[in-house]
Amino acid sequence: MKKNDDIILNITDVTLDGNGVGRHEGMAVFVPATAPGDEIDCHITKVNKSYAFGICRSIRKPSPHRQDRGCAVFGRCGGCSFRHISYEAECRIKEKAVLDDFLRIGGFERGTFEYLPIMGDTRTDRYRNKAQYPIAADESGRAFCGFYAKRSHRVIECGDCLLQPEIFSSIAGRMIQLINERHIPVYDETTGKGCVRHIYLRRGEHSGQIQLTAVAAYDHRGLREILGIVGEEFGDIGSVVLNINPRRDNVILGEKCITVSKGGTITDIMCGSEITLSPLSFYQVNTLQAERLYAAAKAFAAPAGDEELLDLYCGAGTIGLSMAKDVKHLTGVEIVPQAVENARKNADANGITNADFICDDAGGAAKRFSEQGLRPDIIITDPPRKGCDTATLEAIISMSPKRVVMVSCDPATAARDCAYLSGHGYALKAVQAVDLYPGTGHVETVVLMSKVGVE
């Protein structure tokens, strides 16, 4: 098989990034936006030693799972992977992918742990409580916003993303209108020149409060004025912030936040607790599904009222606080100072007096706790996509908790970390996939590891 060959291909599987997989002459061929059951005319675009890539020229026989779930920019925007198939089929793909990671990467044997059916969402559109719109300028200098194309920083203009609340599109559109009218310079990643970089919106699912944040390379009075205008025009906006990010990398938010009007935070309710949120606070983007996710984590943790609970990578404290009333004491660790401040306020606001929150790196804090002889009964981890580092895993092992509950946004790194723990006295008991991101290639996973010999 060579580049530019045209072949007939039967799609038999699909990856989490939405690439259908077929085999031709023993070689795997990956084709975007295809579905298991498709028979297609495939044009080969790249050939490697053991696999190839192609594009679909035409569909000879469509998959029974095909379903147009709408979106004018699907296939160009890099946000969604599965708007061309039914949601039921999407859930099966994600459920299989998580299991495959634990079998293949983790090295666990099928049947040695409980694998629970995926928790699908009841909403496939308008479920996100957060949007980060990159801003770009066209050849005429007109500013526009949208989302990045897959594997690039090329902005695809999008008037209304179906995953976001409709009001987000209205607010972002008004911001862009004023940016153009007042000639606010748009930041250029290639030159490092310009000012405004992103429009960042958050909304409390239960409170309805919206936080409007503009991310800029430097403080700009005209941009502050625009933020103030838009903040007054939309009644649901309860916080208006200017975030300063002068860095020349792909990190969206800078460390400095300037409150423009209406305060620097909003509040929402998560698992019955009032949560205070700043732009830098971690907060799951799908609140209703996150509540189900945290309920699953609590069920795995099984707090009985007299345990010490350690919550690593705790963010604004949402997971730990959902269990605080069922444990003797909660200690949360988070490296972002603003998130730690929010976690402390959240504990106070909910009358929780048995919780402490520490600003530190999870690995460093866990190692120090271990050296100090802290012996938590339950450890919760909710690490970033890269998973836990070795220092954190080693410290967890040395603290010897009865149960480790891992919440992960990447099943591959979760499987890797669980394999490490399983080689050091822990057994994999249960895995639960939870879909917080319908339409996209992302899936959350909750895992229970128990210390061998301890019930």
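If you go through segment 74-97 one residue at a time, do you hit one that is more than 30 Å from E157 (Cβ to Cβ), touching a helix residue (DSSP H, G or I) at 6+ places or on another chain (Cβ under 6 Å) and part of a helix (DSSP H, G or I)? Checked against the condition, which is being more than 30 Å from E157 (Cβ to Cβ), touching a helix residue (DSSP H, G or I) at 6+ places or on another chain (Cβ under 6 Å) and part of a helix (DSSP H, G or I), segment 74-97 yields no hits at all. So is R151 out of contact with any Asp or Glu (no Cβ under 9 Å at 6 or more places or on another chain) and modelled with pLDDT under 95 or not? Against the criterion (out of contact with any Asp or Glu (no Cβ under 9 Å at 6 or more places or on another chain) and modelled with pLDDT under 95), R151 qualifies. Just checking, how many residues over segment 46-66 are crowded, with 17+ Cβ neighbours inside 10 Å and either part of a loop (DSSP other than H, G, I, E, B) or among the β-branched types (V, I, T) (or both)? Final tally of qualifying residues: 3. Please specify each residue of segment 391-408 satisfying the condition of being in a strand (DSSP E or B) and of a type in the set (S, T, N, Q). The one that is in a strand (DSSP E or B) and of a type in the set (S, T, N, Q): S408. Within the option set V98, V73, V21, being out of contact with any Lys or Arg (no Cβ under 8 Å at 6 or more places or on another chain) and assigned by TED's automatic domain parsing to the domain that holds A296 holds for one residue only, V98. T445 meets each of the listed conditions (1) out of contact with any Pro (no Cβ under 7 Å at 6 or more places or on another chain); (2) under 26 Å from N19 (Cβ atoms); (3) polar (S, T, N, Q) apart from (1). Scanning segment 433-449 for residues that are of a type in the set (S, T, N, Q) and either closer than 16 Å to Y127 by Cβ or not assigned by TED's automatic domain parsing to the domain that holds L99 (or both) gives a single hit, T440.
On the stretch given as segment 42-64, residues that are farther than 18 Å from K150 by Cβ and either among the polar types (S, T, N, Q) or at pLDDT below 95 (or both) total 5.
Is it the case that I167 is over 24 Å from A33 (Cα atoms), out of contact with any Asp or Glu (no Cβ under 8 Å at 6 or more places or on another chain) and outside the structural domain of A33 (by TED's automatic domain parsing)? No; evaluated as a whole, the condition is false for this residue.
The rows are residues; the columns are (1) of a type in the set (F, W, Y); (2) not in a helix (DSSP H, G or I).
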residue: S140; (1), (2): no, yes
residue: F168; (1), (2): yes, no
residue: G173; (1), (2): no, no
residue: T190; (1), (2): no, yes
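Take the conditions (1) of a type outside the set (K, R); (2) modelled with pLDDT of 95 or more; (3) under 23 Å from the mean Cα position of the chain (by Cα); (4) farther than 16 Å from I171 by Cα; Y218 misses just one of them, which is (3). Of all the listed residues (A302, A290), the sole one being small (G, A, S), modelled with pLDDT of 95 or more and under 23 Å from the mean Cα position of the chain (by Cα) is A290. Restricting G70, G78 to residues that are farther than 12 Å from N10 by Cβ, exposed (fewer than 15 other Cβ atoms within 10 Å of the Cβ) and of a type outside the set (F, W, Y) narrows the list to G70. Could you please let me know if R151 is in a loop (DSSP other than H, G, I, E, B) and either within 30 Å of T124 (Cβ to Cβ) or charged (D, E, K, R) (or both)? Judged against the criteria, R151 is a match. Pairs are defined by a Cβ separation below 8 Å, a sequence spacing of at least 6 or placement on different chains, a first member in segment 423-442 that is closer than 21 Å to K298 by Cβ, and a second member that is among the polar types (S, T, N, Q) and surrounded by fewer than 22 Cβ atoms within 10 Å (Cβ to Cβ); the pairs so defined are Y426/S450; A427/S450; L428/T112; L428/S422; K429/S450. Summed over segment 233-265, residues that are in a loop (DSSP other than H, G, I, E, B) and touching a residue at least 60 places away in the same chain (Cβ under 8 Å) total 5.
Given the condition free of Cβ contacts under 8 Å to residues at least 12 places away in the same chain and of a type outside the set (A, V, I, L, M), answer yes or no: does some residue in segment 126-137 qualify? Looking through segment 126-137, none of the residues is free of Cβ contacts under 8 Å to residues at least 12 places away in the same chain and of a type outside the set (A, V, I, L, M). The one condition from (1) under 18 Å from the mean Cα position of the chain (by Cα); (2) assigned to a strand (DSSP E or B); (3) among the acidic types (D, E) that D268 does not meet is (1). Every condition in (1) in contact (Cβ under 8 Å) with a residue 60 or more places away in the chain; (2) closer than 21 Å to S450 by Cα; (3) surrounded by 17 or more Cβ atoms within 10 Å (Cβ to Cβ) is met by A419 except one, and the failing one is (3).
Looking across segment 88-138 at every residue that is hydroxyl-bearing (S, T, Y) and either under 30 Å from I184 (Cα atoms) or surrounded by 20 or more Cβ atoms within 10 Å (Cβ to Cβ) (or both), the one that is nearest to the chain's Cα centre (by Cα) is identified as Y127. Per the conditions (1) among the small types (G, A, S); (2) farther than 20 Å from P411 by Cβ; (3) in contact (Cβ under 8 Å) with a residue 60 or more places away in the chain, the sole criterion not satisfied by A28 is (3).
The values are calculated or read from the model by the stated rules, or taken from the named source; none is laboratory data. All values reported here derive from a predicted model rather than from experimental measurement. All Cβ positions, glycine included, derive from the backbone under ideal geometry; neighbour counts span all protein chains shown.
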